[in-house]
Amino acid sequence: MYVTIPRDHTAEAYVAPLASKSPKTAATRLKPGTYLYYEGDHVEWLYQVTSGVLRLTRLLADGRRQVIAFGYPGDIVGFPSNGKHHADCEALTEARLQPYRRSALESGEGDPKLHQGLLQAALREISAMQDHFMMLGRKSASEKLASFLCVLVDQVGQDLGGFRQVTLPMSRSDIADFLGLTTETVSRTFTQLRKSKIIAIENIQTIIILRPTALLGLSLGDRD
């Protein structure tokens, strides 16, 4: 998940499993804290997340970390950069992934439907990254966090009576490194949203959206 600029309508449902006429490779399963691959590894496989959540990160030369993306069900991770992985990929929860050979992306001769599906996924990723870059450069801390929550609620939110709730498997520092903020700023902004009665914090991992219209408005820069 790269997108942190929500739309004024409900997000599309998860991307369906990729169509393929070839027999599927056995699923890959990861336990929390297990790495799927590391930055610089040669790319042999692409993976579609079927359950669980992944975290993609990069480290700067001075040791600072940037969370590049979170991989949710339907997302495809592992697209190559000059034939290599450009980030570390770690499971935040128990995860199940469907592997696809890199060659299926590079050539449609063996399986045109799979090739087209992977190509479209790569194009969606490029578009989502552009949205994310715009968010990083132009939004305030409250707008960034509101955008992040809106997208998660649309994608993986659950009904809770008349409200919606979302579970956050990532830490506050993960969110900070994803949104280009400090951990203290993220924690403070959560508190501000709670005091404004836009959200309720049931526990550190469960957020209840009390006023979804207000949250969406804030994500779009509406200060009223």
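With 28 Å as the limit, the listed pairs K84/K113; K31/K195; K31/K144; K144/K197; K84/K139; K139/K195 have K31/K195; K31/K144; K84/K139 beyond it between alpha carbons.
How high is the relative contact order of region 109-185, in percent, with contacts defined as C-alpha pairs under 8 Å that are six or more residues apart? Rounded, it is 20 percent for region 109-185.
In this rough spin-label picture, where each label sits 7 Å from Cα along the Cβ direction, the R96-A26 distance is 1.5 nm. Using a 7 Å offset from Cα along Cα-Cβ at Q66, what residues in region 116-137 end up with backbone N under 14 Å from the label point? Those under the cut-off are 129-137.
Per the 1.4 Å probe, what fraction of the accessible area of region 14-116, in percent, lies on carbon and sulfur atoms? Within region 14-116, the accessible surface is 49 percent carbon and sulfur. Legend: helices of the chain (whole DSSP H runs) are marked when their alpha-carbon atoms reach 30 angstrom or more along the helix axis and their mean Kyte-Doolittle hydropathy is at least -1.0; marked are 112-138. How high is the relative contact order of region 64-141, in percent, counting Cα pairs under 8 Å that sit 6 or more residues apart? With pairs under 8 Å counted, the relative contact order is 16 percent. Potential lengthening of the chain between S187 and K113 amounts to 22.2 nm, from the contour at 0.36 nm per residue minus the alpha-carbon distance.
What the Cβ-Cβ distance of K84 and S127 gives, at R0 = 22 Å and to the nearest 0.05, is a FRET efficiency of 0.45. For region 90-152, what does the accessible surface come to per residue with a 1.4 Å probe? Please give it in Å². Value returned for region 90-152: 48 Å² of accessible area per residue.
Basic side chains Lys and Arg get +1 at the Cβ, acidic Asp and Glu get -1 at the Cβ, and with that the dipole of the chain about its Cα centre reaches some 360 debye. Under a Gaussian network description of the chain, with springs only between Cα atoms under 10 Å, the residue in R64, R102, R138 that fluctuates furthest is R64.
The values are calculated or read from the model by the stated rules, or taken from the named source; none is laboratory data. Because the structure is predicted, anything quoted here is derived from the model rather than measured. Using ideal geometry, Cβ is built from the backbone for each residue, glycine included, and neighbour counts are taken over all protein chains shown. Protein only, heavy atoms only, side chains kept; ligands, DNA and RNA dropped before computing areas. Shrake-Rupley method; radii C 1.70, N 1.55, O 1.52, S 1.80 Å.
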